[in-house]
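Notes follow once the structure below has been shown.
The values are calculated or read from the model by the stated rules, or taken from the named source; none is laboratory data. Please read all numbers here as calculations on a predicted model, not as lab measurements. All Cβ positions, glycine included, derive from the backbone under ideal geometry; neighbour counts span all protein chains shown. Quick note on the areas: whole protein, heavy atoms, side chains included, nothing else; ligands and nucleic acids left out. Shrake-Rupley method; radii C 1.70, N 1.55, O 1.52, S 1.80 Å.
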Amino acid sequence: MNRYPHLLAHLDFGFLRLRNRIVMGAMHTRLETLDRPVDRLVAFYAARARGETGLILTGGFAPNLEGRIDAEGPLLCDDSQLDEHRAICAAVHREGGHIALQILHTGRYAKLPECVAPSAIRSRINRYTPRALSAQDIRRTIDDFARTAQLAREAGYDGVEIMGSEGYLINEFTAPVTNQRDDEYGGSIANRCRFAEEIVGAVRRACGDDFLLVYRISSIDLVEGGTSADDTVELARRIESAGASILNTGIGWHEAPVPTIAASVPRAAWSFAVRRVKGTVSIPVIASNRINTPELANALLADGTADLVSMARPLLADPEFAKKAREGRADEIAPCIACNQSCLDLIFTQRSASCLVNPRAGHEIEFSDAPAEAHRRVAVVGAGPAGMAFSVDAAARGHSVTLYEAADAIGGQLNLARVVPGKGEFDELLRYFRVRLQRLGVELKLGKRVDADGLVADAFEEIVLATGVTPRVPELPGIDHPKVVSYVDVLSGRKSVGQRVAIIGAGGIGFDVAEYLLGDAEESRSPGNFLSAWNVDPSARNGGLDRDGMSPARPTSRRVYMFQRKRDKLGAGLGKTTGWILKARLHKAGVEMTSGAQYTAIDDDGLHYVVDGEARVLPVDNVVICAGQQSERALYDELVSRGIRLRLIGGADVAAELDAARAIEQAVRLAAAI
């Protein structure tokens with residue numbers, strides 16, 4: 001029985017037929033900066049085609065040098081570059097897929113001194129001020145887009161996507177805030193649309209009618225002075241008339257003060273903006289952003305929100321998303337949890353993308369799907385992220401795996417993370433592991449604190465310890481005072497805290513605890529509450545913002561104070577693309593943050609500390625200790641003392657800031673090696 005009839009329906013363009021409505025959205029991967037870049041890209045895209053994705057959109061390729069994202073950014077402007085693209089296209093077509101090349105001119109976002117824009121207005125996220133394009137430059141750039149599209153066709157691509165969203169060059173022309181020209185490309189909406197129209201027309205003439213032309217339109221800019229809803233509707237009509245086959249919807253600029261794809265954004269929160277575009281044109285429209293299950297994707301197609309659904313990060317997490325949906329195995333889809341930790345956070349710090357849930361992503365050539373040469377009996381101790389990931393992958397390779405967990409449920413530290421507002425997607429990750437462990441026949445022994453004698457007696461051929469971490473307890477007078485609780489006690493619900501709370505430690509755990517103590521963030525569950533909390537105006541009269549930044553805080557009875565020893569700003573180590581969201585919410589809630597604090601004591605009066613040589617005392621009901629972790633190695637030490645050979649993974653190996661990405665990658669690589 002087909003549970004997703006709309007999602008799995010064909011879409012026929014006459015010259016090309018998509019096998020379903022699933023689109024892999026364009027992603028910057030930076031795989032081109034690694035060794036064997038062509039092999040990596042071929043394997044990366046072929047895996048998604050093999051997984052039955054209907055249409056793949058590549059990462060962005062610049063049409064000229066000044067359009068690159070940075071000095072290493074991908075570029076397609078010459079015949080000499082075609083061989084690598086032919087290899088990619090051939091691999092995708094062999095797997096029955098279709099692929100379109102995204103043409104991306106980054107405009108004023110280019111990390112290059114020679115960056116260009118409609119007007120010489122610097123972005124707040126780039127240190128370079130762009131040069132304003134002359135009329136001659138504009139005509140040359142239009143020709144460059146057409147040339148790149150023509151090269152893409154020669155390479156074997158089924159189409160191209162023209163990137164007109166996210167605050168890049170074309171979007172800069174359509175938005176009044178970045179287009180202050182007084183010539184035929186500025187001023188009125190007709191003039192501000194002209195650049196986009198002429199690019200689409202030039203590409204269509206260069207490539208013919210039997211070629212997909214996707215245009216990514218910014219359905220809401222989320223910046224003051226951005227494109228209005230009326231102007232977006234006008235642009236959509238003009239792009240259709242100019243020759244586009246499909247409109248793909250983008251949400252927000254990179255400098256927007258509103259999160260658009262993080263886990264704290266409710267699923268399908270932006271469907272109102274997609275529907276506005278869909279109601280304007282007769283060509284197919286793609287919905288995007290925070291769509292990560294086949295149920296949700298199918299529903300958006302069924303209710304007429306869109307004709308196709310773009311899922312970028314979900315296809316990092318599971319390249320077989322479409323295939324599993326078709327085969328009735330949706331519960332086995334590895335979920336995108338929208339953490340950004342191993343994809344966008346890496347990209348924006350000049351590293352290549354992968355995935356916390358699926359560390360094979362971007363590293364496909366480093367792994368083999370072949371069964372293990374010799375099947376072994378393997379014991380795994382600890383069912384946290386590392387233990388679960390290793391057990392699943394080892395069992396998939398044919399090993400007989402027994403997984404021991406002292407608690408009554410799998411998950412380890414994930415069970416703490418999942419209760420933090422905005423991190424509910426961790427429930428999906430636990431669901432995935434629970435299903436996979438059962439389907440692969442892993443013998444799961446919950447509530448079983450296995451000891452060295454038991455492991456030795458059972459004569460396992462491999463022993464893998466993933467025993468995790470325990471909270472580090474700092475040496476501090478009063479650390480055993482009744483006011484003091486650990487983050488584990490708080491997040492597990494074992495202990496409650498009062499109305500005035502001090503948090504010692506301002507790493508990721510400290511921020512999570514602060515978020516938890518301030519109550520459930522309603523905006524992470526309800527699209528309406530989210531839009532209101534972040535001052536989003538769905539009618540997009542002013543680029544989509546009522547005001548710049550979050551709305552005033554709701555009244556809260558709890559006061560939270562955060563402290564750290566280092567003098568750096570609190571939260572400096574949070575995720576590049578998500579940390580600012582968390583800091584904004586805590587600031588809105590009135591959390592007081594103090595750096596450079598030296599703690600001296602905890603007693604009935606509260607927390608005693610020194611800042612800049614001044615002794616202070618903060619009256620609080622409780623002090624939550626988030627001062628790091630240490631590896632839990634008691635079992636390891638005992639086994640090693642007996643001369644038992646074993647493996648150590650996850651927090652038991654390295655107890656730095658809790659890092660599920662590192663733990664899972666280490667586990668997956670070990671499973672592939674035994």
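Worth pointing out:
- Selection within the range 22-62 - assigned to a helix (DSSP H, G or I) and of a type in the set (S, T, N, Q): Thr33
- Of everything in the range 56-89 that is in contact with an Asp or Glu (Cβ under 6 Å, 6 or more places away or on another chain) and not aliphatic (A, V, I, L, M), the residue that is nearest to Leu151 (Cα to Cα) is Pro63.
- Top-ranked residue in the range 452-467 [being open to solvent by 40 Å² or more (accessible area, probe 1.4 Å) and not β-branched (Val, Ile, Thr); ranked as nearest to Arg645 (Cα to Cα)]: Glu461
- Verdict on Ala601 being more than 37 Å from the chain's Cα centre (by Cα), over 19 Å from Val378 (Cβ atoms) and surrounded by 13 or more Cβ atoms within 10 Å (Cβ to Cβ): yes
- Breaking point among (1) open to solvent by 10 Å² or more (accessible area, probe 1.4 Å); (2) under 20 Å from Gly73 (Cα atoms), for Arg94: (2)
- Residue match in the range 430-447 (condition: within 23 Å of Cys626 (Cβ to Cβ) and open to solvent by less than 40 Å² (accessible area, probe 1.4 Å)): yes
- The listed residues are Ala553, Ala521, and the only one of them that is touching a Pro at 6+ places or on another chain (Cβ under 6 Å) and at pLDDT below 90 turns out to be Ala521.
- Selection status of Val392, open to solvent by less than 30 Å² (accessible area, probe 1.4 Å), under 31 Å from the mean Cα position of the chain (by Cα) and within 30 Å of Tyr516 (Cα to Cα): no
- Options Arg192, Arg122; residue that is in contact with a Ser or Thr (Cβ under 6 Å, 6 or more places away or on another chain), crowded, with 17+ Cβ neighbours inside 10 Å and not polar (S, T, N, Q): Arg192
- Residue check, Gly304 touching a residue at least 40 places away in the same chain (Cβ under 8 Å), open to solvent by 20 Å² or more (accessible area, probe 1.4 Å) and more than 21 Å from Ala663 (Cβ to Cβ): no
- Considering residues of the range 4-48 that are basic (Lys, Arg) and touching a helix residue (DSSP H, G or I) at 6+ places or on another chain (Cβ under 7 Å) only, the residue surrounded by the fewest Cβ atoms within 10 Å (Cβ to Cβ): Arg36
- Checking each residue in the range 263-301 for being buried (at least 20 other Cβ atoms within 10 Å of the Cβ), more than 18 Å from the chain's Cα centre (by Cα) and polar (S, T, N, Q) picks out Ser271, Asn298.
- Some residue of the range 493-502 being assigned to a loop (DSSP other than H, G, I, E, B), more than 23 Å from Gln666 (Cβ to Cβ), basic (Lys, Arg) and open to solvent by 20 Å² or more (accessible area, probe 1.4 Å): yes
- Matching residues in the range 192-236 - criterion: being touching a Cys at 6+ places or on another chain (Cβ under 9 Å) and over 15 Å from Ala152 (Cβ atoms): Asp231, Glu234, Leu235
- Here Arg216 fits the description: of a type in the set (Lys, Arg), crowded, with 18+ Cβ neighbours inside 10 Å, under 23 Å from Ala540 (Cβ atoms) and touching a Gly at 6+ places or on another chain (Cβ under 7 Å).
- Filter result for the condition that a residue is within 18 Å of Gly543 (Cβ to Cβ), open to solvent by less than 30 Å² (accessible area, probe 1.4 Å), touching a helix residue (DSSP H, G or I) at 6+ places or on another chain (Cβ under 9 Å) and not in a helix (DSSP H, G or I), over Thr178, Thr260, Thr232: Thr178
- Taking (1) part of a helix (DSSP H, G or I); (2) in contact with a strand residue (DSSP E or B) (Cβ under 6 Å, 6 or more places away or on another chain); (3) among the aliphatic types (A, V, I, L, M) in turn, Leu151 satisfies each apart from (2).
- Only a single criterion out of (1) free of Cβ contacts under 8 Å to residues at least 12 places away in the same chain; (2) within 25 Å of Arg360 (Cα to Cα); (3) among the charged types (D, E, K, R) is not satisfied by Asp12, namely (2).
- Residue that is least open to solvent (accessible area, probe 1.4 Å), among those in the range 126-161 that are more than 30 Å from Leu55 (Cβ to Cβ) and under 28 Å from the mean Cα position of the chain (by Cα): Asn126
- Test: residue in the range 305-322 that is in contact with an Asp or Glu (Cβ under 7 Å, 6 or more places away or on another chain) and not aromatic (Phe, Trp, Tyr): yes
- The single condition among (1) open to solvent by less than 30 Å² (accessible area, probe 1.4 Å); (2) assigned to a helix (DSSP H, G or I) that Val623 does not meet is (2).
- For Ile88, the stated conditions do not hold, so it cannot be described as surrounded by 16 or more Cβ atoms within 10 Å (Cβ to Cβ), within 29 Å of the chain's Cα centre (by Cα), within 23 Å of Val223 (Cα to Cα) and at pLDDT 95 or above.
- When Arg275 is tested against (1) free of Cβ contacts under 8 Å to residues at least 40 places away in the same chain; (2) within 19 Å of Leu18 (Cβ to Cβ); (3) outside any loop (DSSP other than H, G, I, E, B), only condition (2) is not met.
- When Leu222, Leu247, Leu296 are checked against the criterion of being within 30 Å of Asn529 (Cβ to Cβ) and in a helix (DSSP H, G or I), Leu296 stands alone in meeting it.
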